[in-house]
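Report on one structure; see the data block that follows.
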Amino acid sequence: AQAGYTRQGDSRGLVSVEVIRSALSYREGKYEEALVIAGAAGPQARRLGETGLSARADRFAGLCHFALGNLGSAEVLLQRAALLFEKTQERYDWAWTLHDLARVLRANGQTARAALAQQRALAIWREAGNLGPLAMALNNFGWDQHMLGQYEAALATYTEALDRARQTGSGPAEILVLAGQGDLLAELGDRNTAAELYRRAIGLAESLGEIGFLAYLFRALARLERWSGNYLGALEWLRRADLVPASSQAESAGTNTQCLRGAILLEMGHVEDALALLDQTCAELEQAGAIVDLAQGRLTLARAQFRCGREAEAFASLRQAFTLAEQVGYDQMLVAEALAARDLLESARAAPGIGLKATALIGRAEAAQAVLTHIRARSEPILASRPPTIEVRALGGSRVLREGAEIAPGDWASQQARELFLYFVEAAPVRREHILEIFWPDTTSARATANFHGVLHRLRRAVGRDVVVFHAERGEYRLSPGLEIAYDADRFERSARKALAIAADDPRRAASLAAAIELYGGDYLADLPVEWALERRRALCDLYVEVLCESADQLMRLTRYAEARQTLARALAREPLRDDLHSLMLRCLAAMGRRHEVVEHYQRYRQTLRAELGLDPPAESRALYARLIE
């Protein structure tokens with residue numbers, strides 16, 4: 001290709017060859033070589049005005065810097081690549097670049113920013129219908145939420161990630177999600193379910209030959225046994241972890257195993273042995289730059305020092321653990337061990353410099369334990385331990401999946417059987433006369449009843465014999481109580497109303513609103529022109545716009561004006577005549593210093609009102625505009 005482009009004098013072709021060559025070198029692990037190639041190709045692409053090629057060169061240069069440990073350079077290049085891809089609307093590459101940026105931010109301790117970048121990538125993939133990357137991206141996003149203490153949101157994200165992994169047949173992604181769910185539930189106190197998840201992940205890893213996952217999973221089970229007081233069982237799992245063949249990923253895992261072994265020895269009463277092991281392990285972790293493991297190691301070392309009566313050293317180690325947690329942007333690794341370290345933390349409450357942090361850590365650990373009780377009290381499943389029997393997707397277009405596979409049109413035998421099932425999912429329990437009025441309004445009662453029973457038979461044959469049952473005492477048809485249904489419309493509505501109920505000054509509100517927005521895949525049953533769906537479609541759309549509006553307002557409070565502007569644009573695309581949305585947009589543009597865009601937007605707004613309603617903007621909007629352009 002290079003020879004051909006050279007003969008033709010095709011400069012763009014030559015640059016594209018270099019960009020592909022840098023990608024190949026990167027994937028072969030030749031990072032320095034790839035960096036040189038990409039570093040030369042980028043400026044050439046920019047001189048030619050080839051934005052897409054420039055973005056690709058920046059992306060691979062950023063990935064090379066990341067692989068080489070140059071996190072600052074990696075972030076700058078990937079951020080620039082993401083902005084360039086956004087301009088070209090090359091959405092698949094844009095999403096992958098945001099995904100890569102999230103990895104860099106995560107490694108650099110900027111977990112909140114990583115979650116936002118990952119969320120944007122998820123939105124692009126969902127909109128484009130790219131199922132392949134979703135499982136891994138959702139798994140990463142669930143991990144971010146877990147590390148930020150958003151436990152319930154993380155559980156929901158992991159559940160969706162597991163569904164996506166199974167839909168796409170991605171075994172490694174399924175293993176990771178099962179492990180992530182297990183870690184979260186173990187920390188919340190549901191150790192039985194966590195153990196089940198770890199064992200399922202081990203079985204899947206062994207069947208797929210994914211041996212690299214086993215050391216992590218064996219350590220996870222060791223941690224569960226330790227928390228249950230079964231120290232001999234915990235040591236046996238660690239022995240099995242040590243037998244897993246070493247790999248590049250398992251290098252730091254060995255020292256992590258030693259931290260866990262030190263904690264077990266400490267709790268067995270072998271304090272001096274634990275102290276010696278933890279001292280050595282922390283030194284190795286520090287040399288390796290494994291900050292997260294080192295933070296937890298320092299906390300465990302502090303516990304051993306405290307047990308030996310070396311209080312000053314213990315408080316110094318605890319202070320180092322807090323400092324390391326601040327460096328990575330989260331302290332979940334400390335929260336997980338806080339209750340085991342309660343005696344140390346209680347004693348440190350009065351210590352200068354760490355007292356408030358120790359108190360806060362105990363509070364966060366106790367709050368985490370309460371999350372599980374809260375979920376159970378509402379009778380919500382903690383997680384789907386197996387795929388839902390039925391998955392109904394009604395937002396954006398209708399699909400019905402049974403055990404991960406879509407029910408084909410031919411299996412329904414008639415479109416009306418499919419519509420009747422979707423109606424049951426939305427409206428059940430429902431009386432037969434109501435069904436007949438909706439589906440056969442102009443048919444005699446006898447004929448409508450016969451039609452109903454025929455369609456119901458086809459429905460049951462397509463979905464399952466007992467999917468719809470008749471409650472004789474109440475005269476109602478309802479979905480079978482034992483049927484597991486994942487319903488996206490219901491999930492969006494619950495998430496949206498929960499987010500809207502959070503107080504405006506609560507720091508969780510922005511993330512909760514953003515999570516609800518991502519669940520809205522489009523208008524309810526947009527592909528079915530049926531009257532019974534109209535009211536529900538409008539209600540969900542109104543709720544979606546309300547969440548967009550509140551999210552934009554929340555983002556503006558946080559001075560995240562560019563994101564607020566994008567959110568308002570989505571809301572206005574749905575409701576172009578809402579005065580409050582236009583007022584928010586004018587305020588947002590003014591806050592960004594875009595005075596000329598304030599003028600342009602107001603003029604478009606006024607023209608739209610005149611064309612659609614024959615009206616001018618209300619007095620409040622006119623007064624706001626006058627103030628903003630003074």
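The values are calculated or read from the model by the stated rules, or taken from the named source; none is laboratory data. Treat the numbers as computed from the prediction; the structure is a model and nothing was measured. Please note: Cβ atoms are built from the backbone with ideal geometry, for glycine as well, and neighbour counts cover all protein chains shown. Remember, those area values only see protein heavy atoms, side chains included, never the ligands or the DNA or RNA. Shrake-Rupley method; radii C 1.70, N 1.55, O 1.52, S 1.80 Å.
Name the residue from LEU224, LEU519, THR157 whose Cα lies farthest towards the positive end of the charge dipole of the chain, charges +1 on Cβ of Lys and Arg and -1 on Cβ of Asp and Glu.
LEU519
Using modelled amide H (1.01 Å from N, peptide plane; none on Pro or chain starts), what sits under 5 Å from the amide H of GLY522, excluding residues fewer than 5 places away?
Those qualifying (amide H under 5 Å, at least 5 residues apart or on another chain) are GLY396.
Relative contact order for the stretch 1-138: what is it in percent, counting Cα pairs under 8 Å that are at least 6 residues apart?
On the way: 181 pairs, mean separation 20.6, N = 138.
Worked out over the stretch 1-138, it gives 15 percent.
Can you run phi through the Karplus equation (6.51, -1.76, 1.60; θ = phi - 60°) for the stretch 569-585 and list ³J(HN,Hα) in whole Hz, with x for Gly and Pro?
4, 5, 5, 5, 5, 8, 10, x, 10, 7, 5, 5, 5, 5, 4, 4, 5
Heavy atoms only, 1.4 Å probe, whole protein assembly: order TRP94, TRP227 by accessible area, highest first. Working shown, then result.
Numbers: TRP94 20, TRP227 45 Å².
My answer, sorted largest first, is TRP227, TRP94.
What ranking, highest mean first, results for peptides 338-346, 493-501 when packing means the other Cβ atoms within 10 Å averaged over each residue? Could you put the intermediate results ahead of the total?
Working: 338-346: 18.8, 493-501: 17.2.
Those peptides, ordered most packed to least, come out 338-346, 493-501.
Subtract the Cα-Cα distance of ALA367 and ARG91 from 0.36 nm times their separation in residues, and report this length gain in nm to one decimal.
Details: separation 276, 0.36 × 276 = 99.36 nm, distance 3.98 nm.
Net length gain for the segment: 95.4 nm.
Below 8 Å, C-alpha to C-alpha, sequence gap of six or more: please give me the relative contact order for the chain in percent.
Working: 822 pairs, mean separation 40.5, N = 630.
Value for the chain: 6 percent.
Express the accessible area of the chain per residue in Å², computed with a 1.4 Å probe while the remaining protein chains stay in the model. If you can, show how the numbers build up before the last one.
Numbers: 28970 Å² over 630 residues.
It amounts to 46 Å² per residue over the chain.
Would you list CYS259, CYS308 from the most to the least accessible area, probe 1.4 Å?
Numbers: CYS259 15, CYS308 45 Å².
The ranking, largest first, comes out as CYS308, CYS259.
Give the peptides 213-222, 3-12 in descending order of average Cβ contacts within 10 Å, highest first.
Working: 213-222: 23.2, 3-12: 11.7.
The packing order, highest mean first, is 213-222, 3-12.
Starting from 0.36 nm per residue, how many nanometres of slack lie between ILE407 and GLU326 once their C-alpha separation is accounted for? Please report the intermediate quantities before stating the final value.
On the way: separation 81, 0.36 × 81 = 29.16 nm, distance 4.93 nm.
Between ILE407 and GLU326, full extension yields an extra 24.2 nm.
Using a 1.4 Å probe on the protein heavy atoms, what percent of the accessible area of the chain belongs to carbon and sulfur?
Numbers: 14680 of 28970 Å².
Ligands and nucleic acids excluded, carbon and sulfur give 51 percent.
With Kirkwood radius over Cα pairs in Å as the read-out, I listed [x] 29.9; [y] 28.0; [z] 25.9; which label goes with the value calculated from this structure?
It is the value labelled [y].
Which whole-number percent of Cα pairs in the stretch 93-206 have a distance greater than 18 Å? Working shown, then result.
Numbers: 3161 of 6441 pairs.
Percentage above 18 Å: 49.
Under the classification rounded if a/c is under 1.5, otherwise prolate if a/b is larger than b/c and oblate if not, where does the stretch 203-319 fall, given a ≥ b ≥ c as square roots of the Cα gyration tensor eigenvalues? Display every interim value, and only then the final one.
On the way: a/c = 2.77, a/b = 1.61, b/c = 1.72.
It is oblate, given that a/c is not under 1.5 and a/b is not larger than b/c.
In nm, what is the difference between 0.36 nm times the number of residues separating ARG7 and ALA276 and their Cα-Cα distance?
On the way: separation 269, 0.36 × 269 = 96.84 nm, distance 6.82 nm.
Residue separation times 0.36 nm, minus the Cα-Cα distance, leaves 90.0 nm.
What does the charge count near GLY49 come to, summing +1 for each Lys or Arg and -1 for each Asp or Glu among other residues with Cβ under 14 Å from its Cβ? Write out the running numbers ahead of the final one.
Values: positive: ARG12, ARG46, ARG47, LYS87; negative: GLU50.
So the surrounding residues net to +3.
What is the calculated FRET efficiency for ARG594 to SER414, with r their C-beta to C-beta distance and R₀ = 56 Å, to the nearest 0.05? Numbers along the way, then the final one.
Working: r = 54 Å, r/R0 = 0.97.
About 0.55, to the nearest 0.05.
Magnitude of the Cβ-charge dipole of the chain, K/R +1 and D/E -1, about the Cα centre, nearest 20 debye?
Working: 76 positive and 81 negative charges, 168 e Å.
Rounded to the nearest 20 debye, it is 800 debye.
Taking a ≥ b ≥ c as the square roots of the eigenvalues of the Cα gyration tensor of the stretch 547-622, is the shape rounded (a/c under 1.5), prolate (a/b larger than b/c) or oblate?
Numbers: a/c = 2.15, a/b = 1.51, b/c = 1.42.
Prolate is the answer for the stretch 547-622, as a/c is 1.5 or above and a/b outweighs b/c.
Can you tell me how the stretch 1-91 classifies by the Cα gyration tensor, rounded, prolate or oblate, using a/c under 1.5 as the rounded cut? Show your work: numbers first, answer last.
Working: a/c = 2.36, a/b = 1.31, b/c = 1.81.
Here the stretch 1-91 falls in the oblate category.
Please give, to one decimal in nm, the separation of the simple spin-label points placed at LYS30 and VAL76, each 7 Å out from Cα toward the Cβ.
Going by the 7 Å Cα→Cβ label model, 2.6 nm.
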